[in-house]
Structure formats: C-alpha cells, structure tokens
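For reference, the structure discussed in these notes is given below.
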Amino acid sequence: MMAIPISVKQLIEGNLIESERIELKKGFNPEAILHSMCAFANDFNNWGGGYILLGVSDNHDIIGLEEKQVDSIMKQLLNLSNKLQYPYFPIIEPVRHSGKMVIVLYCPGGPARPYKAPKALGKKSEYMYYIRHSSATVIANTEEEKELIGMSNQIPYDDRINPHASIEDLDLQLMKVFLRDINSNLNPNTLSFEDLCRSLNIVDGPKEYLKPKNVGLLMFSQNPEKYIKTPWIEVTVFHDRVGDKFEEEKFEGPISSQIKMALQYIRNAAIRERVQKVNTQAEAIRFFTYPYTAIEESLVNAVYHKSYEIDAPVEVRIELDRIDIISYPGPLPPLNKDNINDEIVISKRYRNRRIGDFLKELRLTEGKNTGFRKIRAAMKYNGSPKPVFITDEERVQFITRLLIHPDFKNETITEPLNEPLNEPLKSDQIFEFIKLNPNCKRKDIEKNTKIPLGTLKRYLQELIEDGKIRKEGSDKTGGYVILGE
C-alpha cells in the first residue's frame, strides 16, 4: 500500500483533476470497480489514468465505509487487480476524511495496454476492453477496440522509464518543495526515498533495476538535459525589425522552474502598462502591451504538449509587434491548420499524460481544452487583437502568436513596467530560485535571474529582514536557504 500525493479533499472539492478522470462510488461494487480500473489502465486518450473514490456519492457527499470493512475491501481489490489481463495494480490508500473512511484508488495509465476485464465476475465470463467516454466507463466499440489494440505497449514518452538515468538523479529537495507547494498530505520525512518516488509515480521497475521515468527527470532533476533532448525554453528578444539586434536567454532545470523563470524574463522584457483616463467614468482604463495571462497559458501549453523525443526546445520570439511561442511538433489530430482557430477546439488525445498533472497541481495549467479559450479571453479583455494559432499541413510545429495592443504599435517601448507591478516579481523570482537551489550563492542568483547586483543585494536583504530566507556560512562561501526548510 502506497500513499497518494494529492489529497482526498482536492479530489472531491477541487478542480485539479477533470471529472472524466474521477469515478465516485458510495459503496463497494467489485464488478463496476474492476471495469473502471480497466478503463483507466487503458488510458485511451492519454489523460493520465484516473481515480476511483469509494465511500463518496455521485453528488460528492461523503458517505464513508464501515471501518470493519476496510481490510476486507483492500484484500478484494488485490484480487480484482489479478483478474485483469494483464494484471494491473493501482495505488490504493484508505484515508479518513470528514470523520469517515474513504478508499482512494489511483489508477495511472498502465504499461502493458490494452487491458481486458471480465464482463461479469462469474465463471467463464467474456473478457472485454473498457475505456472512458466522458465521465462513464464503457465497453469499447469495434473501431475503438482496433485503435486500442494499435496502441499496444505504446507508453507516452513522459511516462516511460529512462534507462540512461538512475534514481539518484532525482532530487529529494525538489520533491519536498513540490509537496509543500501543493499542500500534499504525503510526508517525505516518513518515507524511504524509493517509496517517495513510487508514491509520486516517477520511477518504475523492480528494486534491483529501479529507474526514473522521464516525467520524474523533467520535474525533479536539476539537470534534465543530461538525459532528455533539449528540455529547455529559449527566449529571444528582438530590438529592431531586421533582426540584427537581439538578446537570447536559455532557461534550464526542472520544467516548473523553467516556466516561472522564463515568464519573469518575458514579463520584464515585453509587458508594459498604460493608464488612460476616461471623462465619463471615475476609474481609468488600464491595459498592457500583452496580457500576462495569455503569455503564461501559451508558454505552459507549449511545455506541456511538445514532444520531448524531438531535438527542439520551446522557443519564444519577442518581436517589436508580436510574441510567437513555438513548440514542436504541431497538434495531434483531429486538430489541423484549418480548424485550429475555430471558436470551439477539442483535442481528443494528449501527447504527454503525466506532465499535465504535475503542472495542474502547481496551478500552472487547468483542465483539458481550456487553453485556447483562456488565451482568447485574456486578449479580448485587454483590448488586444485575437490570438492566432498556426500549424502547417504536416503538423511540424505549433505557433501561438500574440499581437501587441494597437495603442503600442509602431512605438519604441523603453519605459519599465510600473514599479508596483514589477517590484514584487523580482522578489518572488529570487525567492523561487533559492527554494529550488538551497545553499545557492549570490553570484548564482545573479547569473540565473539577470537581476543587477545592486538591486539583488537590496532584495536579498529585504527577504532576510522579512524572515523568509537566511544566509548560512561566511560571506565568501556561504549560501542562502529558505527559512523553515
């Protein structure tokens, strides 16, 4: 029995996991549970499997299970796992929530799909393929069955083990920071390192050949580029229309850190604010060169949906009149160059099934198929032109193009973003870097955040005075740490 990082409260009350990936059962119905386990193991849409909650009704009321039943149910769940073809074992955890016992089954996409389950638990029952349709578990039809068989042993790249890395390449401190940031009930101090990695589902294999998964290296390795092709973000800022004057920055490390650092850099380089008074109303109109929300959503989507098997980083090109965010390859079918700008865009399948879960838990992205809508809404609210989504006939690349607000067009933007909006961002950037790099030296912070030395000293002193960080060791060799770590 392993612990599950995400809490029951978040599963029931939050919106981190889509409803299509959560099955609620007020009681123990072995046959229905077996079919849902099979469907989540098949992970037909590469959503990342799902969760089954026993003791919770369809309307999210906590019914609870009788405590004397829990041990018996746990044994029966083990027997059910062996009835699948092939045997499949979800992570199972009994927990107390609102004073009542609930059993949570975390059913990630299985490594040996397609899986079959008996239609009934009686003897000589026919075995069927089960998949998820919206929020229901159903038997796959003929076409879906053929497609599922075609996916035989196809594991998305982020969920595969990396034979070139070892479990020692995963960083315990990064895991602790992640668990703290998502308010997980999982206590890393009471688990062995191996059990912690298994609970996060970032390793696989027998004890004698335990290997990290690619998603583990992307999220919890200080140097994922050692094992994965170009897993970084490159940002280029152009200062003229010809392209002769430009600055380039490369953001490496764990992908969540990359995203935050790159967003900070882009915000400082590209976002400017303007306040316009209106005679007919008391409040002034505030708008920006680009809405931050649109940039954030576009960049996170690029990191989430790119292929990490292709030797090409995520690229951000900040031109004088637009920002292009580019990832490789293009979108998966049914999306194509002709329908990608439709008002309603639905992607049936994901390229990576695990990265999204980690980014959702960190509140860096939301549910499936919301990205396009969120980008459009942010641009519209800012008074900006509609975003343009671009791919080619062969889906070689995907570009999100954000055009500058019309009132800034044809201007040379040199003034800094207003101080009240910009100041706390630098402080957050420094704090985030120290959190991800304990005992880092001032020169390391300066190099990675690009904050001038004088300004950096001031913010470090403020963080110390606020009781958020402290310096350990001497001035020459000492480093900074987060208080309470």
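The values are calculated or read from the model by the stated rules, or taken from the named source; none is laboratory data. Bear in mind the structure is a predicted one, so any value in this text is a computation, not a measurement. Please note: Cβ atoms are built from the backbone with ideal geometry, for glycine as well, and neighbour counts cover all protein chains shown. Calculation scope for accessible area: heavy atoms of the full protein, side chains included, ligands and nucleic acids excluded. Shrake-Rupley method; radii C 1.70, N 1.55, O 1.52, S 1.80 Å.
Can you sort 28, 89 by solvent-accessible area, 1.4 Å probe, largest first? Each step should come with its number before you reach the end.
Details: 28 55, 89 115 Å².
Most to least solvent-accessible, the answer reads 89, 28.
Once region 426-485 is represented by equal point scatterers at the alpha-carbon sites, with solvent omitted, what log10 I(q)/I(0) does the Debye formula produce at q = 0.20, 0.27, 0.28 Å⁻¹?
For region 426-485 at q = 0.20, 0.27, 0.28 Å⁻¹, log10 I(q)/I(0) is -0.65, -1.27, -1.38.
Let me check the size of region 30-94 from its C-alpha atoms; what are the radius of gyration and Dmax in Å?
12.6, 37
Looking at this model, which pairs from 25/374; 207/260; 450/471; 447/471; 380/447; 213/450 are more than 29 angstrom apart at the alpha-carbon?
Checking Cα-Cα distances, 25/374; 207/260; 380/447; 213/450 exceed 29 Å.
Evaluate the Debye formula for region 191-298 with equal point scatterers sitting on the alpha carbons, no solvent, and hand back log10 of I(q)/I(0) at q = 0.12, 0.24 Å⁻¹, in q order, two decimals.
Once normalised to I(0) and log-transformed, intensities are -0.64, -1.25.
Which FRET efficiency value, to the nearest 0.05, do you get for residue 71 and residue 285 by plugging their Cβ-Cβ distance into 1/(1 + (r/R0)^6) with R0 = 60 Å?
So, using R0 = 60 Å, E works out to roughly 0.40.
Could you give the radius of gyration (one decimal) and Dmax (whole number) of the Cα atoms in region 305-391, in Å?
Calculated on Cα positions, Rg and Dmax stand at 13.8, 38 Å.
Quick one: ranking 246, 44 by accessible area, 1.4 Å probe, largest first, what do you get?
Largest accessible area first, the residues go 246, 44.
What's the carbon and sulfur percent of the chain's accessible surface, probe 1.4 angstrom, rounded to a whole number?
The computed percentage sits at 49.
Residues of region 44-166: accessible area per residue at 1.4 Å, in Å²? Before the final figure, lay out each step's value.
Numbers: 6120 Å² over 123 residues.
Here the per-residue accessible area is 50 Å².
With a 1.4 Å probe and every protein chain left in place, tell me how much accessible area residue 338 has, in Å² to the nearest 10.
Number for this one is 120 Å².
With a Förster radius of 22 Å, plug the Cβ-Cβ distance of residue 180 and residue 223 into 1/(1 + (r/R0)^6) and report the FRET value to the nearest 0.05.
Efficiency for this residue pair is about 0.50.
Per the Debye formula with a single identical scatterer at each Cα and no solvent contribution, what log10 I(q)/I(0) holds for region 45-185 at q = 0.10 Å⁻¹?
Log-scaled intensity ratios, in q order: -0.48.
Give me the Kirkwood hydrodynamic radius of region 122-176 in Å, from all C-alpha pairs, to one decimal place?
15.2 Å
Write out the trypsin sites (Lys or Arg not before Pro) in region 99-139 meeting two conditions: DSSP loop, and at most 10 other Cβ atoms within 10 Å of their Cβ.
The qualifying sites are 123, 124.
List the trypsin sites (Lys or Arg not before Pro) within region 6-61 that DSSP assigns to loop and that have no more than 13 neighbouring Cβ atoms inside 10 Å.
When the trypsin sites (Lys or Arg not before Pro) of region 6-61 are filtered for loop state and at most 13 Cβ neighbours within 10 Å, nothing remains.
Only helical DSSP H runs with n ≥ 4 go in: add -39500 (n - 2.57) per run for the chain, normalise by residue count and round the 222 nm mean residue ellipticity to 500 deg cm²/dmol.
Value at 222 nm, helices only, nearest 500: -10000 deg cm²/dmol.
If each residue of separation counts as 0.36 nm, what is the full-extension length gain between residue 277 and residue 164 once their alpha-carbon separation is subtracted? Can you show the working numbers first?
On the way: separation 113, 0.36 × 113 = 40.68 nm, distance 5.96 nm.
My answer for the length gained is 34.7 nm.
Going out from 0 in 10 Å bins, what whole percent of all Cα-Cα distances in region 1-124 drops into each bin?
Result returned by the calculation: 13, 47, 33, 6, 0.
Accessible area per residue of region 217-302 at 1.4 Å probe, in Å²?
That works out to 45 Å² for each residue.
Give the Kirkwood hydrodynamic radius (Å, one decimal) of region 214-370, defined as one over the mean of 1/r across all pairs of different Cα atoms.
Evaluated on region 214-370, it is 17.3 Å.
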